[in-house]
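In what follows, a single structure is set out as structure tokens and then discussed.
Throughout, read-outs are computed from the coordinates displayed, never taken from laboratory work. Keep in mind that what you see is a predicted model, and the values were worked out from it rather than measured. Heads up, the Cβs are rebuilt from the backbone with ideal geometry, glycines too, and the neighbour counts pull from every protein chain shown.
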Amino acid sequence: MSLKNLPACFILVSVTLFGSSLSAEELNVYFKTTPRIELLRPFADPIDLSLLITGVEGRPVKQGTVAIRLEAPRPGRFFSTDMPLVEGTLLNEMQLPLRQGRANWKQLFPIRGEYRLMVDVVTADGSKASKVLSFAVRENRQKWLALGAFSAGLFILGFVAGRVFTGARAGEVALIAAAVLLGGSAAISNAQQNTPAGPAILEIEPATVGKPSLVRWKLVNDGAADRSAALTLTITHLEKQKVVFAVEKIAVPGEWSMKFNFPDGAEYRVAAVGTISGRTPVRTEEVIAVTGVEPPLGATAPVLSCFVALIAAGLGVGRWTKRRAPALSRPLVS
Amino acid sequence: MEKTVASRLGIAVSERISFLIKSGIFLSVCGATLFFALAASYPAVHDTLHNARHALAVVPCH
């Protein structure tokens with residue numbers, strides 16, 4: 001074989017080996033959030049998420065589906081978030097049809113940290129593309145301020161106790177009252193009446209925090225030839241009155257399902273509206289109570305230990321300042 | 001209180017030991033209070049302090 005044919009051989013082998021990945025590269029996957037990623041905060045307002053799939057020429061893919069899998073941030077090394085059972089779990093798994101190359105949905109991110117969004121695209125002509133996207137959601141600044149103020153309060157409590165327990169007057173004072181903890185009362189939401197199923201059925205698996213539940217909507221088979229519908233599905237956290245998930249007018253062939261991880265042990269309303277051409281919209285609604293699960297001791301112990309350690313540090317500093325003061329004020333004897 | 005205990009039991013402890021005992025009791029009471037306020041699952045406590053737990057960013061809740 002002459003050296004002239006060597007490059008041609010390399011090209012042939014490359015195309016043979018990497019042919020499938022080359023076809024995947026023909027599709028571009030763009031991801032966008034509104035508001036933009038830097039402004040996202042956990043359990044704030046629902047975020048508009050958008051995927052745009054284009055071909056190599058930059059034009060949106062006309063037809064296809066996108067399989068979406070959203071994973072929650074992994075647990076931290078020492079401190080957990082306020083929802084430790086959600087950490088590292090599957091938040092959402094669904095398949096959305098592409099409309100002018102786009103797939104849009106709303107999602108509320110429950111905790112801070114780095115989320116992973118896995119996207120698998122299949123177009124009508126069989127082209128495939130996969131992409132894993134990571135993005136970080138930062139904690140709300142007010143929560144850090146509240147934590148700082150609470151920690152300072154614990155330290156001051158220990159500081160005062162340390163001064164009181166030190167010296168001659170120690171026995172005269174009883175124990176100082178423990179920290180006054182402020183709490184808001186949880187608003188109790190009115191339970192919604194489940195509407196009768198009618199021409200559509202909404203099925204939701206019994207939901208537990210940390211475990212994805214199957215949410216399924218389907219039209220009752222009434223013998224109609226065309227069962228395609230435009231589905232709008234909304235999941236609302238009733239206590240917070242926040243939309244935690246929504247898709248709007250997605251084209252479905254009479255049935256659609258997803259796995260959804262309800263992030264909080266509370267009541268949720270799942271409402272679906274199916275619009276079928278030539279018929280009145282079909283509304284189905286369910287109110288479900290999500291079973292809460294106690295956080296593991298591994299998540300609770302570190303933070304409580306830190307709080308007690310802060311009080312202990314305050315005690316030490318309080319004692320030190322009390323003992324130091326008389327020493328400084330003592331007159332020098334010549 | 002300290003003088004009463006010392007006179008009744010006939011035990012006199014140093015100021016340092018007294019501080020350690022009182023601090024130990026104080027920390028135990030504080031730890032128990034924090035546990036009930038931030039980690040207990042009793043519905044009355046949990047429901048009242050639910051928002052406060054979430055507001056502290058690192059306190060786990062369900």
Problem - Test item: B:28-38 mean partner chain Cβ contacts at 10 Å - result: 6
Practice task
Extending each Cα 7 Å along its Cβ direction at A:Leu214 and B:Asp47, get the distance between those two points in nm, one decimal.
Solution key: 3.4 nm
Handout entry: Peptide A:77-88 - average C-beta neighbours from other chains (10 Å radius)
Key = 3
Fill in the blank from the handout: Under the Karplus relation with 6.51, -1.76 and 1.60 and θ = phi - 60°, whole-Hz ³J(HN,Hα) for segment A:38-46, x at Gly and Pro, equal 5, 9, 6, 9, x, 6, 9, 8, x
Handout entry: Relative packing of peptides B:20-28, A:54-62 - highest average C-beta neighbours within 10 Å first
Key = B:20-28, A:54-62
Exercise for the section: Go through segment A:82-168 and name the trypsin sites (Lys or Arg not before Pro) that are in a DSSP coil and have 15 or fewer other Cβ atoms within 10 Å of their Cβ. Expected result: A:Arg138
Completion exercise
Shielding of A:284-293 by other chains, given as the mean Cβ count within 10 Å, works out to 1
Problem - Exposure proxy order (Cβ contacts within 10 Å, fewest to most) of B:Cys30, A:Cys306 - result: A:Cys306, B:Cys30
Exercise for the section: May I ask you to list the residues of segment A:36-66 whose amide nitrogen lies under 16 Å from a point 7 Å from Cα along the Cα→beta-carbon direction of A:Arg141? Expected result: A:38-42
Completion exercise
Distance in nm between A:Thr65 and B:Phe35 label points, each 7 Å along Cα→Cβ, equals 5.2 nm
Practice task
Could you list the residues of segment A:122-151 with an amide nitrogen less than 13 Å from a label point located 7 Å from the Cα of A:Ile37 in the Cα-to-C-beta direction?
Solution key: A:132-138
Fill in the blank from the handout: The FRET efficiency for A:Ala149 and A:Ser305, from their Cβ-Cβ distance with R0 = 25 Å and rounded to 0.05, is 0.80
